[in-house]
Amino acid sequence: MIYIKSVVKKIMISSLLKYAPVQIFAAISVFALISIHTKLLTTTEYGMLALMLLTVEVVRAVAAQWINSSMLRLLPSKKTEEHNNFAAIASSIIFCCTLPALALVSLGLYLTGLLTLSTFLATFLVFLTKALYQFYLELARIMERLNQYRVAVLTQSIMAIVITGSLLAYSPNILSALSALALSYIAAGLVVFKPLKISINKLKTADAQAIFSYGLPLMASGLVAAISSRLDRYFIADSLDLAQTGIYAAISNILLGIGALIFMVVALPSYPELTKKINDKAALYKAHGEYLTLLCLIAMPALVGFCILAEPITHLLLSEEYLSQGSTIIYILCSGVFVLNLKGHYIDHGLQFSLNTKYLPKISVFSLILNLSLLVTLIPPFGLIGAASAFLIANIIALVMSLWLSLRKGYKYTVPLQVYKILLSTVCMAIFLPELRVHHFVIINMPIVNIIIDIVIGVSIFSCVLALLNYKKCKAWVINK
């Protein structure tokens, strides 16, 4: 058993190191992109852009993302010689979904009052290019075409910044921003593109039925989750104005981007390894425990550290008009992002691995209704703080529901002792970092330098406490060395 645990740990860490560097770079590029958007577009224009990108994500949940999730879960269990055929079936389904996607993009833009021929074409192009890019990127990862994966992620990140900066400097409007994103997805998609035999007849095969059976519940829950997690922007635009929508969307996008980075750094390489153990419950539970440890090791200190350093980080990334709400909204949204990602990247696994994905749409629908009720109630008296609070409350209740159902269906979550050590170390960092920040001792007029030094101090506090708690028996390791 100890040997199995050691092997699982080594596989997960090895996979983590394969993908983490490019994922971190990609996340940094997202923050740079948000900074470019917010500084070259007005708050009203950024609010409009946020609603258009929301439409893209909602349509992608219906027409593409569930297919990627099904492929991630089902393809690793196939024989190597069956991979290309299974991928061709998945790609055939995606192409068949582009027609309804046209109608959904139109509907989304119409409901937000942004429907024109130019916005429709630009928004649909972003959807199509991103959907295909994400599909071929996931395929490259599953088939372990590591170099292509890395180059594609780097290409998209760099091209998004360069093209967006260039187009917005020449013509600062939302169409330029959307066109730049589409071009970056095209450039990166060409790197990981793999010719596949697409055919309507493939939709009648047993593998296609398996994708539909596993994926359609995920599509329903993903659609509701995409709407629920961003529903606040529709209500802010309707109850307040597009400028407030832009402010809220900018802060929310930064936090969602950080949350996605932190959790996906672990989830992307580790999830396929977990699915390989789906038929051995003892090995699966052990692997899932190690997965949770890695998740907490990265996520807990990172998100708490961001909350502590929220003010200088947001000042660096955003212009002054985006900071009018103070830090309270950042703390609430950060908590909501943590709960959202913990549910999606850990708790929901209990229903996925026990093949009870049919409950995920029900949880998502309940969360959507609850979020809707809270937004209607909280936005009028509390404004953006009310919207953020609704997001947090709805995600907490959804997490509790998913956990309860998973336990009822017999899934066992193992919480290793190391997780409690990580939690205590994070609490110590939260207590001491605010008192030891560099600006208390030295005046440095370069914000980025201040932030880097503060991060080093925070990591040092966290690491020292973790070492004192003998994390992973590090004391014995040091003595033996």
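The values are calculated or read from the model by the stated rules, or taken from the named source; none is laboratory data. What you see is a predicted model; the values in this text were computed from it and never measured. Counting neighbours? That spans all protein chains shown, and the Cβs are built from the backbone with ideal geometry, glycine included. These area figures cover heavy atoms from the full protein model, side chains too; ligands, DNA and RNA do not enter into them. Shrake-Rupley method; radii C 1.70, N 1.55, O 1.52, S 1.80 Å.
Looking at Ala394, Gly410, Asn341, which one has the Cα that reaches farthest to the positive end of the dipole of the range 316-417 (charges on Cβ: Lys, Arg +1; Asp, Glu -1)? Working it through, the farthest residue towards the positive pole turns out to be Gly410. Centre-to-centre separation between the Cα atoms of the range 248-262 and those of the range 307-338: 10 Å.
Each residue of the range 173-183 is assigned a 3J(HN,Hα), and the resulting list reads 8, 5, 5, 5, 5, 5, 4, 5, 5, 4, 5 Hz, derived from the Karplus form 6.51 cos²θ - 1.76 cosθ + 1.60 (θ = phi - 60°), x at Gly and Pro. Computed over the alpha-carbon pairs of the range 95-254, the distance histogram in 5 Å steps reads 1, 8, 11, 16, 20, 19, 13, 7, 4, 1, 0 percent, short to long. Taking the average, over residues, of other Cβ atoms within 10 Å as the packing measure, peptides 442-454, 125-137, 233-245 rank 125-137, 233-245, 442-454 from highest down. Solvent-accessible area per residue in the chain equals 44 Å², computed with a 1.4 angstrom probe and all protein chains kept. Quick one: grab the alpha carbon gyration tensor of the range 27-66, order the square roots of its eigenvalues as a ≥ b ≥ c, and give me rounded if a/c is under 1.5, else prolate or oblate depending on whether a/b is larger than b/c. Oblate shape, in that a/c is at least 1.5 and b/c is the bigger or equal ratio.
In order along the range 337-351, the Karplus-derived 3J(HN,Hα) couplings, from 6.51 cos²θ - 1.76 cosθ + 1.60 at θ = phi - 60°, round to 5, 4, 5, 4, 6, 5, 5, x, 9, 9, 4, 5, 4, x, 7 Hz, and Gly and Pro are given as x.
When peptides 246-255, 283-292 are ranked by their average number of other Cβ atoms within 10 Å per residue, the highest-first order is 246-255, 283-292.
Surface calculation, 1.4 Å probe, protein heavy atoms: Phe306 sits at approximately 10 Å² accessible. Between Ile448 and Ile278, residue separation times 0.36 nm minus the direct Cα-Cα distance comes to 56.7 nm.
About its Cα centre, the dipole of the range 224-360 is roughly 700 debye, where the only charges are +1 on Lys and Arg Cβ and -1 on Asp and Glu Cβ.
Once both labels are positioned 7 Å from their Cα atoms along Cα-to-Cβ, the gap between Asp238 and Val400 label points is 2.7 nm. May I ask you to derive the relative contact order of the chain, considering only C-alpha pairs under 8 Å and at least 6 residues apart, and to give it as an integer percent? Relative contact order here is 20 percent. In this view, the solvent-accessible surface of Tyr331, computed with a 1.4 Å probe and all protein chains in place, comes to about 110 Å². Once Cα extents along the principal axes in Å is calculated for the structure shown, the corresponding label among (1) 106, 58, 41; (2) 132, 72, 33; (3) 67, 58, 43 turns out to be (3).
In terms of distances greater than 26 angstrom between alpha carbons, the cross-link table entries Lys39/Lys194; Lys130/Lys194; Lys276/Lys409; Lys202/Lys281; Lys281/Lys343 yield Lys39/Lys194; Lys202/Lys281. The portion of the accessible surface of the chain made up by carbon and sulfur, rounded to a whole percent, is 69 (1.4 Å probe; DNA, RNA and ligands excluded).
Here the dipole of the chain is about 2100 debye; that uses its Cα centre as origin and unit charges on the Cβ of Lys and Arg (positive) and Asp and Glu (negative). Residue separation of Leu436 and Tyr420 scaled by 0.36 nm, minus their Cα-Cα distance, works out to 3.4 nm of gained length. With the charge dipole of the chain set up from +1 on Lys and Arg Cβ and -1 on Asp and Glu Cβ about the Cα centre, the Cα lying farthest toward the positive end among the listed residues Leu261, Ile94, Leu292 is that of Leu292.
Our helix-only sum for the chain, with -39,500 (n - 2.57) per DSSP H run of n ≥ 4 divided by its residues, gives a mean residue ellipticity at 222 nm of -27500 deg cm²/dmol. Heavy-atom accessible area, probed at 1.4 angstrom with all protein chains present, ranks Trp66, Trp404 as Trp404, Trp66, highest first.
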